[in-house]
Amino acid sequence: MTTERVDRRLAAILAADVAGYSRLMGADEEGTLARLNEHLRVLIDPTIHEYRGRIVKTTGDGLLSEFASVVEAVRCAVAIQRGMAERNVAVPHEERIEFRIGVNVGDIIIEGPDIFGDGVNVAARLQVLAEPGGICVSGRVQEDVQGKMDIALVDWGEHKLKNIARPVRAYCLRVDGRSSAQFTRGRAGLMAAMAVTLALAAGSVWLGVTSGWKSIGPLLTGNEFTRNVELGARPAIAVLPFQSQNTDPERDYLADGLTQDIINALGRFSALTVISWNAVFPYKNMPASPGEIARNLAVRYQVEGSVRHVDDRLRVAAQLVDAGGRVLWSARFDEAMIDIFALQDKITSQIAGALAIGVTQIEQRRVLAKPTESLAAYDYVLRARPALQRPTRANNAEARVLLRRAIELDPNYAAAYAALAETYHLAASMGWAESPIAFLARAEELAVKALSLDNSEVRARVVLGHIHLFRQRYREAQAEIDRALTINPNDAQGLAGRGTVLLWLGQTDAAIEALEQAQRIDPELNGVDRFALSLAYYLRRRYPAAIEQAEVNLRTASSVNSSRIVLAAAYAQNGQAEDAARVVTMIRRVFPTFDPHEFGTKFLKSADLDHLRDGMRKAGLYPVTGDPLPDERMNR
């Protein structure tokens with residue numbers, strides 16, 4: 001008896017499908033099919049061919065392809081997602097075709113043109129884990145591409161995949177459409193390094209209610225920690241003494257000082273429990289594994305770091321690890337030592353802000369993995385955050401439901417009231433409220449309630465600052481934001497709020513400085529704050545930068561119609577008439593009630609309003625009748 005030989009080979013497999021395909025088909029069957037075929041013809045087929053891949057088969061909503069090289073497979077996935085992001089810039093969110101992609105490497109069975117086996121099945125299961133516009137790869141793929149590509153994959157832990165015998169470790173990332181060159185060379189020095197590091201480490205995280213501060217409490221005992229890590233507890237983190245790599249022991253003060261500053265800065269984020277300096281100091285010269293430290297200090301996360309003084313430069317490395325020693329986040333700094341105290345403050349604020357975001361993201365995934373029936377108030381607040389990462393009308397409503405449940409479980413939960421206030425403010429700002437005035441009143445009521453429960457709730461103060469600004473109470477707005485930043489100088493949304501207020505006050509350079517500082521801490525600015533940054537760039541006549549920020553905003557929060565207006569004006573001022581006309585057509589379709597005479601009237605400086613109106617005129621946003629503006633009529 002002869003056994004037929006099975007044809008096998010090792011290959012990288014890319015599986016992709018369209019997120020929300022059934023919804024898209026239900027809304028517009030013919031249009032969806034036409035757009036999907038166009039994407040396949042213009043972008044996806046040529047990209048797979050460019051990276052020496054082979055399309056094995058296509059289904060109604062997806063495709064399967066194989067590559068000889070795992071690096072080429074991942075490069076292809078990144079190129080597809082970046083290309084799709086660019087093609088979706090001017091497409092309304094509800095009409096966008098967004099792919100989820102999974103990549104695996106393994107042994108496959110070949111039967112004619114088709115392929116089978118666990119290697120294929122794992123790729124298909126990983127694709128389901130990816131978010132729309134995102135990529136999810138197996139641990140084996142991550143090992144193969146590490147150090148060979150300018151990307152950072154976030155560890156999502158082990159997953160038990162359907163019909164796969166052993167758990168598979170998954171790594172994910174979201175691609176935002178900009179090229180690696182733009183990420184790595186767009187800014188010089190530390191600014192560029194931090195923008196890349198924070199963006200890839202934090203991903204699309206909403207700081208939400210992580211801000212606001214408490215005094216650093218006493219060290220928890222093991223039994224107390226066991227009780228506190230139960231449902232609803234804040235994650236505990238230990239910042240271990242940074243190691244001095246200098247031969248001169250007298251310079252150890254740099255490492256100790258930086259450690260203490262980071263502990264104090266992290267203590268201002270109310271969603272974290274931070275272990276005191278006295279508790280971590282014994283580990284300065286005492287070797288211990290992450291597992292031992294986790295048990296001894298009763299912490300979920302640890303920060304490790306080193307400081308080295310070389311000639312006139314200071315080099316700092318920091319990383320976040322879990323109890324198993326797995327690296328969850330890392331960053332490096334290399335700066336000239338001109339003013340050591342200013343430099344220490346700069347590094348401290350960026351490390352603290354990034355760590356708070358990174359821990360929040362990890363906690364989100366931990367909570368979302370729990371069964372729904374076991375969630376308590378803290379978990380509902382965490383579940384609301386991803387619903388607002390890229391705000392839509394539906395996500396905003398979903399977040400309100402979750403936050404109301406949190407308040408039902410704990411009527412004295414200040415952070416839940418503050419987050420709920422933010423949903424009402426966003427709804428009013430984005431045009432999702434039938435009565436924006438009523439929604440703003442409700443937001444103000446909830447923010448005041450949050451502050452009555454916890455006067456140090458930063459998020460509530462930021463919301464109040466925005467409400468004062470909307471009502472043109474500029475002094476009150478600035479005072480509220482200043483109070484928020486006094487409580488937590490590292491809060492990204494507080495810094496962005498300061499920039500927004502300064503923008504309308506006419507202090508454009510200071511506004512850009514504050515908004516860029518917020519973006520370094522949290523690259524995923526919300527739609528309102530990113531609009532402010534794009535408008536600030538426009539006013540400084542930095543049109544390419546204004547265009548970039550507006551385009552990013554429309555990719556991540558497509559309903560921010562104000563960004564379309566800035567985009568059209570910036571295109572027109574930059575000599576891109578065709579692009580401006582395209583955006584104007586979209587504005588008239590999705591924002592038919594837009595009144596160019598009203599837009600921007602909150603500017604205190606008339607020169608700012610004149611410059612904005614000049615761009616809108618050049619773009620063609622004014623009626624073709626050529627009617628003068630109200631202020632022009634008065635001046636005649």
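Bear in mind that the values in this text are calculations on the coordinates, not laboratory data. Nothing here was measured: the structure is a model prediction, and the numbers come from that model. For neighbour counting, all protein chains shown are included, and Cβ atoms are generated from backbone atoms with ideal geometry for every residue, glycine included.
Some observations on this one:
- Inter-probe distance in nm under a simple model that places probes 7 Å from Cα toward Cβ, at Ala336 and Gln472: 4.6
- Pairwise FRET efficiency - Ser22 versus His49, Cβ, R0 = 25 Å, nearest 0.05: 0.30
- For the range 8-177, the residue among Met84, Ile164, Asn121 whose Cα projects farthest onto the positive side of the dipole built from Cβ charges is Ile164.
- Cα-Cα separations in the range 489-636 greater than 27 Å, expressed as whole percent: 20
- In terms of packing, defined here as the mean over residues of other Cβ atoms within 10 angstrom, the peptides 592-604, 84-96, 441-453 line up highest first as 441-453, 84-96, 592-604.
- Remark on Leu161: its backbone amide H falls under 5 Å from those of Val168, a criterion applied only to residues 5 or more positions apart or on other chains, H modelled at 1.01 Å from N.
- Gain on full stretching of the segment that runs from Asp614 to Phe591 - 0.36 nm per residue minus C-alpha separation: 6.3 nm
- Inter-part distance, the range 269-336 to the range 55-113, computed on C-alpha centroids, equals 38 Å.
- Fully extended contour minus Cα-Cα distance, from Ala288 to Arg315, at 0.36 nm per residue: 7.3 nm
- Neighbour counts of C-beta atoms inside 10 Å place His49, His159 in the sequence His49, His159, starting with the fewest.
- For the range 469-475, 3J(HN,Hα) per residue [Karplus equation, 6.51 cos²θ - 1.76 cosθ + 1.60, θ = phi - 60°, Hz, x = Gly/Pro]: 5, 4, 8, 6, 9, 5, 5
- Under the Karplus curve 6.51 cos²θ - 1.76 cosθ + 1.60, θ = phi - 60°, whole-Hz ³J(HN,Hα) for the range 450-465, x wherever Gly or Pro sits: 4, 5, 5, 8, 8, 5, 9, 6, 4, 4, 5, 5, 5, 4, 4, x
- Rg over Rh, two decimals, the range 423-487 (C-alpha only, Kirkwood Rh): 0.97
- The stretch between Thr58 and Phe281 holds 74.4 nm of extra length on full extension. This uses 0.36 nm per residue minus the Cα-Cα distance.
- Per-selection Rg to Rh, the range 50-128 - Cα, Kirkwood hydrodynamic radius: 1.00
- Peptide packing for 543-556, 458-471 was compared via the average number of neighbouring C-beta atoms within 10 Å per residue; ordered from the highest value, the list is 458-471, 543-556.
- Sparsely packed GluC sites (Glu not before Pro) within the range 274-340, loop by DSSP, other Cβ within 10 Å at most 12: none
- Compactness relative to 2.2 N^0.38 Å, alpha carbon Rg of the range 1-106: 1.23
- Proximal charge balance of Ile467 [Cβ under 10 Å; K/R count +1, D/E count -1]: -1
- Going from the fewest other Cβ atoms within 10 Å to the most, the residues Arg326, Arg498 appear in the order Arg326, Arg498.
- Pairwise inverse Cα distances across the range 8-177, averaged and inverted, put the Kirkwood hydrodynamic radius at 16.0 Å.
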